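> The structure is given below, and queries will be raised subsequently.
The values are calculated or read from the model by the stated rules, or taken from the named source; none is laboratory data. For clarity, every value in this text was computed on a predicted model and none was experimentally measured. Cβ atoms come from the backbone with ideal geometry, glycine included; neighbour counts cover every protein chain shown. What goes into the accessible areas is simple: the full protein's heavy atoms, side chains included, and nothing from ligands, DNA or RNA. Shrake-Rupley method; radii C 1.70, N 1.55, O 1.52, S 1.80 Å.
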Amino acid sequence: MHSLDRATPVVVAVDGPAAAGKTTTCVALAERFKLGYLESGRTYRLIAFEALRRGVLTRDQENLVSLCDELLRESRDQDLLTSDRYQSADLRSPSVNVAVSDVARIEDLRKRVTQLVRLWAERQSRCIVEGRDIGTVVFPAAPIKFYLTASPEVRARRRLDQEHRGSYEDVLKDVIRRDEADMSRSVSPLVPADDAITIDTTTLTIKEVLGRMSSVCESRSVTFS
Ligand code: DC
């Protein structure tokens, strides 16, 4: 049995492509196992949102890093991760969906977000963090790593059912575009960690996915404090 070391703050790292069910499952596991929960993509999204709002071009990497530093100063660093100043609908708009891919490929910006996430995790006794590089880059020593995936068609359908925005064809196009952007970027591309448990959720219900993830958490002592 893999017992958890108190010095290892992250209990569960959850990565995978857009709309694979990471948020739904992470929120449920966080509640069930009393874990702190962090959606790391939200930070990349709010930087993209602020860039669009302040007229910073998303191909202007230098100014995006400056914007990130400015946001960090304004929000006292770590608070940026959990800031409630932003509406979820704004951060998930189609224009942010596009801009965030440019933001997420900037190495200096990723370093800052990675550091913030690590600092946040140090303050938690046990936590679950979702993203694209959590098990590979942010917490390579995380004792439990999941990689959730599903076919692009199923992910597009689920996203549409959840957000009721746009046509199926447009959502599918966006899912495929984001897969390509996340997987092909040179810095921290989306790949499963070697020691991640991959769950293809294409034909599974949320309940079944949660059942599998919970069994792993239980077998690896996440329930112990
Ligand atoms: O999880 P999400 O779809 O809200 O993430 C938004 C974007 O942020 C996504 O297109 C890729 C990027 N991201 C990332 O590069 N690394 C992370 N750890 C989390 C998200």
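> List the residue pairs whose Cβ atoms are under 7 Å apart, where the first residue sits in the stretch 15-40 and is without any contact (Cβ under 8 Å) to a residue 12 or more places away in the chain, the second is assigned to a strand (DSSP E or B) and away from the ligand (no atom under 11 Å from the Cβ), and the two are 6 or more positions apart or on different chains.
Close Cβ pairs (under 7 Å, with a partner that is assigned to a strand (DSSP E or B) and away from the ligand (no atom under 11 Å from the Cβ)) amount to Val27/Tyr37.
> Name the residues in the stretch 106-141 that are part of a loop (DSSP other than H, G, I, E, B), open to solvent by less than 10 Å² (accessible area, probe 1.4 Å) and either modelled with pLDDT under 90 or not charged (D, E, K, R) (or both), would you?
The answer is Ile106, and nothing else.
> Sort through Arg73, Arg85 and tell me the only one that's modelled with pLDDT under 95, open to solvent by 80 Å² or more (accessible area, probe 1.4 Å) and in a helix (DSSP H, G or I).
Just a single option satisfies the conditions, and that option is Arg73.
> Thr58 fails exactly one of the following numbered conditions: (1) among the β-branched types (Val, Ile, Thr); (2) within 21 Å of Arg159 (Cβ to Cβ); (3) touching an Asp or Glu at 6+ places or on another chain (Cβ under 6 Å). What is the number of that condition?
(2)
> Same structure again: Which one of Ser125, Ser151 is away from the ligand (no atom under 11 Å from the Cβ), over 16 Å from Val11 (Cβ atoms), of a type in the set (S, T, N, Q) and over 13 Å from the mean Cα position of the chain (by Cα)?
Ser151
> Only one residue in Arg212, Arg165 is more than 27 Å from Leu109 (Cα to Cα), assigned to a loop (DSSP other than H, G, I, E, B) and open to solvent by 60 Å² or more (accessible area, probe 1.4 Å), so which one is that?
Only one candidate passes the filter, namely Arg165.
> Residues of the stretch 146-161 being open to solvent by 10 Å² or more (accessible area, probe 1.4 Å) and either free of Cβ contacts under 8 Å to residues at least 12 places away in the same chain or not in a loop (DSSP other than H, G, I, E, B) (or both), which ones?
Within the stretch 146-161, Tyr147, Thr149, Pro152, Glu153, Val154, Arg157, Arg158, Arg159, Leu160, Asp161 qualify.
> Could I ask something else about it? Output the residues belonging to the stretch 91-103 that are surrounded by 15 or more Cβ atoms within 10 Å (Cβ to Cβ) and either assigned to a helix (DSSP H, G or I) or near the ligand (Cβ under 9 Å from one of its atoms) (or both).
Hits for the stretch 91-103 are Leu91, Arg92, Val96, Asn97, Val98, Ala99, Val100, Ser101, Asp102, Val103.
> Of the residues in the stretch 31-57, how many are within 21 Å of the chain's Cα centre (by Cα) and either open to solvent by less than 30 Å² (accessible area, probe 1.4 Å) or among the small types (Gly, Ala, Ser) (or both)?
Residues in the stretch 31-57 being within 21 Å of the chain's Cα centre (by Cα) and either open to solvent by less than 30 Å² (accessible area, probe 1.4 Å) or among the small types (Gly, Ala, Ser) (or both): 14 in total.
> Among the listed residues Ile206, Ile176, identify the single one that is free of Cβ contacts under 8 Å to residues at least 60 places away in the same chain and surrounded by 13 or more Cβ atoms within 10 Å (Cβ to Cβ).
Just a single option satisfies the conditions, and that option is Ile176.
> Return the pair list, or none, for Cβ contacts closer than 7 Å from residues in the stretch 180-195 that are farther than 25 Å from Val216 by Cα to residues that are open to solvent by 20 Å² or more (accessible area, probe 1.4 Å) and hydrophobic (A, V, I, L, M, F, W, C), at least 6 apart or on different chains.
Note: pairs meeting the criteria are Ser188/Val137; Pro189/Met183.
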